[in-house]
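Here the structure comes first, spelled out in structure tokens, and everything after it is commentary.
The values are calculated or read from the model by the stated rules, or taken from the named source; none is laboratory data. Remember, predicted model here, so these are calculated numbers, not experimental data. A quick note on method: Cβ atoms are made from the backbone with ideal geometry, for glycine too, and the neighbour counts reach across all protein chains shown.
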Amino acid sequence: MTQIPESRAYDVVIVGAGPAGLAAAEVLAGLGASVAIIDEQARAGGQIMRQPPRSFIIRRWLPGGLYGALKALLRRVETQEVTWLFSTTVLGIEPAEAASGFEISTLSGNTLGSVKAKRVLVAAGCHERPVPFPGSLLPGVMGAGALQGWLKGQQMLAGETVLFSGTHPFMLLVASQMIAAGASVKAVAFAQSRRDFLFGVLRRPLILLTHWRVFLTAAHSLWRIRRAGTRIFFRHRVNAAEGSAQLSEVSLTPVDHRGSGTAGAEDKRFTVDRLGLCYGFQVSSELARQAGAKVRWLEAAGGWIVDHSAAMESSLSGLYVAGEITGMAGADASRHEGTLAGLGMASSLSLNGIGKLSRVGARARRGLAREKRFAAYLNRLSALPPGLLGAMATEDSILCRCEKVTCKTVREILATHPEVTSPNALKLLSRVGMGFCQGRLCYANAAASLIAAGRVSPENLQPFEARWPVRPVPVSAIPATISDGRCT
Amino acid sequence: MKSYDALVIGGGLTGCASAYYLAKRGSSVLLAERNEINSLASGQNAGSLHFQLEHRLLQHGSDKGGEFARILPLNAFAIQLWQTLESELRADLEITMDGGLMLAVTDAEVALLKQKNALERSFGIDSELLTAAELRKLAPYLGEDVQMASYLAEEGHANPRLVTPAYARAAKRHGAILKTGCEVVLLKPEGTGWIAQLRNSPGEEIETVRIGMVLNAAGAFAAEAGRLAHLHLPVFPLPLTMSVTERTKAFLPHLLQRAGAKLSLKQVAAGNVLIGGGWSSRFERSNGVPDYRRRPRAQLDKIVGNIALATKAVPALAALHILRCWTGTVGVTHDELPLLGEVPQSPGYFVAVGGSGFTLGPAYAALIAELMVTRRTEHDISIYSPARFDHINNFMASA
């Protein structure tokens, strides 16, 4: 008979060892607080710095100016006095009912555990947004970020011949990185027009000055892509991914300014073994929601983003948030928010020495304001054109991949049940969101179907409920605490 | 002013089913649901069709067991209803009635099963005691320490996500009007009937209607709904929790329960295993006060206890993942029997809540509709009448 082991207590538990979590840890550990950082990955850095295994010897890991400040932060925190809980998943956060503080329930391997904390920072990041289209589940169809993850974390090309399609400029960066690593990238296709990109910058010319480094990287990526002979398409969408057991061909179809357009004579076909998609990102706020923090739906900023104060405290006292779950804004914004959250928690814990850090706070606030302006540009630029989802999804396209629910099923349920006006009601009737991912992947597309059918407005959307466990948990990890069959 | 024969308060299973049976008998029906159809306990429960006396009815000892056995005639009526429901509603409801086993692991549970079996047989429920050897053949998936089980061939399960919407569609086919996002805000007797005010969202406009009879089918919220008519209905909200595993190949054809512990277990059509049995969740607080209107909060220790019991009964579960746990709030009366009938102090005001709301919801609905339309029922339901709580409404009578 096993028991859940007695939980250790910390001043602060940080969920997520990406830029936000690391920046908060740096502030708190520097002031002598006891800090534990929990991450699902085996090493620190988050998705943006996906570190290869320690045994790898790499001469130039993550080259380029974009990563400089982040790598420096990682190296500093890795030498600080913090408790690292890697390869560990957080299943839930329970606010203590009587006293203040939290109990954080964890899964590590096949073992349930828990840690206690006076304050919790949720900095769980984001993941790519999938969209339904014919062949979207074929092996070889991947997120652009997943292709990049293999490159960063394993120094491996996930495919030899690649096509990118989507709406997010992030594809240019991944395409250029894959070319540099030896891949043949056939094309990068955006649903937007070339003018959308230019006008976006012209509307906010200042960002060219504040974010010259980003634009320089983009220009360098473009130069490398052009030199490799990769074609760049605007106003094109994926029509279908095809292949018998594995992706072998992708067709692109021209679209109008709304993203609409039907397949036809002008389609272009490419023989590739990987399709890298990027239609923007969705924030991983389910843990903050499970704990009880208030959220708001902002699709372009990544979905259910968490409300917070200037000190990054959520509506739930003692629970802080930082990074993408407050609205997609990139790694530098996450780093600044992490610093502010660290200072906020330090101040609420009355840690000695916080007075010295007022300039750190001021610098983070300025930096954050700068990054939020750029994020507003980028999120607007990469937002899905209004007709794109409708044009891409055919009747047989899979809307919910875990439960294999097709767009047709959802449409028919909406037609026969006019009373369905919420994603939760749609879930109950269709099984959308009931599988392994618990709706993390399909929620936005289910919500889009309801909105397109005129059942609900974006302001009145409700999220799928988030409860313990926010990730699936093996039954065998649950201790047999009851030995005689009786219960209390 | 529009007028209806009946106003049904609540768009859960009992409400939608009552709207159907009333409309089918020719009544004009308006159903008011303040959320969505099937959005609370009716859609959130684990879908057991259990007709043996449950753990919660047995745990009080033999003297009480006799009292609770008064539910058994209703169970027999419900079995008939479920057996024909899919054809009646012209819908696939994933009803399986392939038998249910109530398990005994401890010696005390064996004694309980024997006593329960005798009681059930005296009420015409043909449950059958099976030895460990017989169980190995019938249910080879059971854990080794199961000593005995009581088998009832008619037990099984149905899909709670499908049953209420099917009743709602059938009610509409018979002309019933179902309003969602619609809250009853005023209810007062007038002449031989009632005047009701409804607040419809969005827009929040108030609509006044004339009503012949009122049916309170508000489940966990029945007491709140009752106060609109100046009545006290002793229905208490109870927050519960359930868990579901990933899908797996069909291996568990029966409904499982424990005789002396809180466990219900079944494999649904999609292949997932649902684990429940009455473990509690906890009310969320609003402004520091427990708020039973909010979706309750799951409690980790209760879920762990529930799943530990499940794995003991069916060891093969250990190879699966728990995908999700969820919560819901049911309404119970303090004697655990339903409230089913007309409130004596308030003629024209009917109640159908409490008890095993999923298993018995269709039966409550069929019987209450019969009572409302014909003023009598073929099956005697007088012992479930709200009259047994007369004393708390003698002061409240609206007349």
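Is it the case that some residue within segment A:142-155 is in a strand (DSSP E or B) and touching a strand residue (DSSP E or B) at 6+ places or on another chain (Cβ under 7 Å)? So that I can check it myself, show each step before the final result.
Step one: of segment A:142-155, the residues in a strand (DSSP E or B) are A:142-143.
So of that shortlist, the ones also touching a strand residue (DSSP E or B) at 6+ places or on another chain (Cβ under 7 Å) come out as A:142-143.
The answer is yes; a qualifying residue exists.
Of all residues in segment A:43-81, how many are assigned to a loop (DSSP other than H, G, I, E, B), among the aliphatic types (A, V, I, L, M) and surrounded by 15 or more Cβ atoms within 10 Å (Cβ to Cβ)? So that I can check it myself, show each step before the final result.
First pass over segment A:43-81, keeping only residues assigned to a loop (DSSP other than H, G, I, E, B): A:43-64, A:79-81.
With among the aliphatic types (A, V, I, L, M) added as a condition, the list becomes A:44, A:48-49, A:57-58, A:62.
Now drop any that are not surrounded by 15 or more Cβ atoms within 10 Å (Cβ to Cβ), which leaves A:44, A:48-49, A:62.
So the answer is 4.
For segment A:412-458, what are the residues that are within 18 Å of B:Leu162 (Cβ to Cβ) and of a type in the set (Lys, Arg)?
Residues satisfying the conditions are A:Lys427, A:Arg431.
Quick one: B:Gly276 ticks every box in (1) part of a strand (DSSP E or B); (2) facing chain A (nearest Cβ under 8 Å); (3) surrounded by 23 or more Cβ atoms within 10 Å (Cβ to Cβ) except a single one, so which number is it?
For B:Gly276, the failing item is (2).
Can you find, within segment A:74-101, the residue that is nearest to the other protein chains (Cβ to nearest Cβ) among those that are among the aliphatic types (A, V, I, L, M) and under 19 Å from A:Gly32 (Cβ atoms)? Talk me through it step by step, then tell me what you get.
At the first step, the residues of segment A:74-101 found to be among the aliphatic types (A, V, I, L, M) are A:74, A:77, A:82, A:85, A:90-91, A:93, A:96, A:98-99.
With the extra rule that they be under 19 Å from A:Gly32 (Cβ atoms), the set shrinks to A:77, A:82.
Details: A:Val77: 30, A:Val82: 26 Å.
Per the stated criteria, the residue is A:Val82.
This table checks each residue for (1) in contact (Cβ under 8 Å) with a residue 40 or more places away in the chain; (2) not in a loop (DSSP other than H, G, I, E, B).
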position	(1), (2)
B:Pro347	yes, no
B:Ala352	yes, yes
B:Phe358	yes, yes
B:Ala363	yes, yes
B:Ile368	yes, yes
B:Met372	yes, yes
B:Thr377	no, no
B:Ile383	yes, yes
B:Asp390	yes, yes
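Identify the residue in segment A:435-454 that is hydrophobic (A, V, I, L, M, F, W, C), touching a residue at least 24 places away in the same chain (Cβ under 8 Å) and farther than 21 Å from A:Leu277 by Cα and, among all such residues, is farthest from the other protein chains (Cβ to nearest Cβ). Step through it out loud before you land on a result.
Step one: filter segment A:435-454 for residues hydrophobic (A, V, I, L, M, F, W, C), giving A:436-437, A:441-442, A:444, A:446-448, A:450-453.
Filter once more, keeping what is touching a residue at least 24 places away in the same chain (Cβ under 8 Å): A:436-437, A:441-442, A:444, A:446-448, A:450, A:452-453.
With the extra rule that they be farther than 21 Å from A:Leu277 by Cα, the set shrinks to A:436, A:450, A:452-453.
Values: A:Phe436: 7, A:Leu450: 12, A:Ala452: 19, A:Ala453: 15 Å.
Among those that are hydrophobic (A, V, I, L, M, F, W, C), touching a residue at least 24 places away in the same chain (Cβ under 8 Å) and farther than 21 Å from A:Leu277 by Cα, it is A:Ala452.
For (1) farther than 25 Å from A:Ala240 by Cβ; (2) modelled with pLDDT under 95; (3) surrounded by 19 or more Cβ atoms within 10 Å (Cβ to Cβ), each residue gets a yes or a no:
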position	(1), (2), (3)
A:Phe374	yes, yes, yes
A:Leu384	no, yes, yes
A:Gly390	no, yes, no
A:Ser397	no, no, yes
A:Val420	yes, yes, yes
A:Ala425	yes, yes, yes
A:Asn460	yes, yes, no
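Within the set of pairs 6 or more residues apart or between chains, which connect a residue that is facing chain A (nearest Cβ under 10 Å) inside segment B:164-180 to a residue that is part of a helix (DSSP H, G or I) and at pLDDT 95 or above with Cβ atoms less than 6 Å apart?
B:Thr164/B:Leu13; B:Thr164/B:Cys16; B:Thr164/B:Ser42; B:Ala168/B:Cys16; B:Leu178/B:Ala168
Looking only at segment B:312-328, how many residues end up being touching a Gly at 6+ places or on another chain (Cβ under 8 Å) and at the interface with another protein chain (Cβ under 8 Å from one of its Cβ atoms)?
Residues in segment B:312-328 being touching a Gly at 6+ places or on another chain (Cβ under 8 Å) and at the interface with another protein chain (Cβ under 8 Å from one of its Cβ atoms): 2 in total.
Any chance segment A:191-214 includes a residue that's within 25 Å of the chain's Cα centre (by Cα) and acidic (Asp, Glu)?
There is at least one residue in segment A:191-214 that is within 25 Å of the chain's Cα centre (by Cα) and acidic (Asp, Glu).
Just to be sure, is B:Lys302 in a loop (DSSP other than H, G, I, E, B), facing chain A (nearest Cβ under 10 Å), closer than 28 Å to B:Glu224 by Cβ and in contact (Cβ under 8 Å) with a residue 60 or more places away in the chain? Steps first, answer last, please.
Values: in a loop (DSSP other than H, G, I, E, B): no; facing chain A (nearest Cβ under 10 Å): yes; closer than 28 Å to B:Glu224 by Cβ: yes; in contact (Cβ under 8 Å) with a residue 60 or more places away in the chain: yes.
So B:Lys302 does not fit the description; no.
With A:Val214, A:Val250, A:Val201, A:Val255 as the choices, which residue is at pLDDT below 90 and surrounded by 18 or more Cβ atoms within 10 Å (Cβ to Cβ)?
So the residue among A:Val214, A:Val250, A:Val201, A:Val255 that is at pLDDT below 90 and surrounded by 18 or more Cβ atoms within 10 Å (Cβ to Cβ) is A:Val214.
Residues being within 19 Å of B:Phe251 (Cα to Cα) and surrounded by 15 or more Cβ atoms within 10 Å (Cβ to Cβ): count how many of those fall in segment B:110-137.
Going through segment B:110-137 one residue at a time, the tally reaches 1.
For B:Ala153, are the conditions met, namely being modelled with pLDDT under 95 and surrounded by fewer than 21 Cβ atoms within 10 Å (Cβ to Cβ)? Show your work before the answer.
Details: modelled with pLDDT under 95: no; surrounded by fewer than 21 Cβ atoms within 10 Å (Cβ to Cβ): yes.
Against the criterion (modelled with pLDDT under 95 and surrounded by fewer than 21 Cβ atoms within 10 Å (Cβ to Cβ)), B:Ala153 does not qualify.
If I ask for residues that are touching a residue at least 40 places away in the same chain (Cβ under 8 Å), more than 11 Å from every other protein chain (Cβ to nearest Cβ) and assigned to a loop (DSSP other than H, G, I, E, B), which ones from segment A:398-434 would you list?
Hit for segment A:398-434 is A:Arg401, nothing else.
In segment A:316-356, which residues are buried (at least 24 other Cβ atoms within 10 Å of the Cβ) and among the basic types (Lys, Arg)?
Result: A:Arg335, single match.
Somewhere in segment B:187-199, is a residue among the polar types (S, T, N, Q), more than 24 Å from B:Leu340 (Cβ to Cβ) and either touching a strand residue (DSSP E or B) at 6+ places or on another chain (Cβ under 8 Å) or in contact (Cβ under 8 Å) with a residue 40 or more places away in the chain (or both)? Give the steps one after another, and end with the answer.
Step one: filter segment B:187-199 for residues among the polar types (S, T, N, Q), giving B:192, B:197.
So of that shortlist, the ones also more than 24 Å from B:Leu340 (Cβ to Cβ) come out as B:197.
Checking which are either touching a strand residue (DSSP E or B) at 6+ places or on another chain (Cβ under 8 Å) or in contact (Cβ under 8 Å) with a residue 40 or more places away in the chain (or both) leaves us with B:197.
Yes, the conditions are met somewhere in segment B:187-199.
Please go through segment B:181-222 and give me each residue that is hydroxyl-bearing (Ser, Thr, Tyr) and away from chain A (no Cβ under 14 Å), ordered by number. Walk me through it before giving the result.
We begin by selecting, within segment B:181-222, every residue hydroxyl-bearing (Ser, Thr, Tyr); these are B:192, B:201, B:208.
B:Thr192, B:Thr208 - these are the residues of segment B:181-222 that are hydroxyl-bearing (Ser, Thr, Tyr) and away from chain A (no Cβ under 14 Å).
Look at B:Leu129 and say whether it is in a strand (DSSP E or B), away from every other protein chain (no Cβ under 14 Å) and hydrophobic (A, V, I, L, M, F, W, C). It would help to see each step written out before you state the result.
On the way: in a strand (DSSP E or B): yes; away from every other protein chain (no Cβ under 14 Å): yes; hydrophobic (A, V, I, L, M, F, W, C): yes.
When the stated conditions are applied, B:Leu129 passes them.
Which residues, taken from segment A:295-315, are surrounded by fewer than 20 Cβ atoms within 10 Å (Cβ to Cβ), aliphatic (A, V, I, L, M) and assigned to a loop (DSSP other than H, G, I, E, B)?
Scanning segment A:295-315 gives A:Ala310, A:Ala311.
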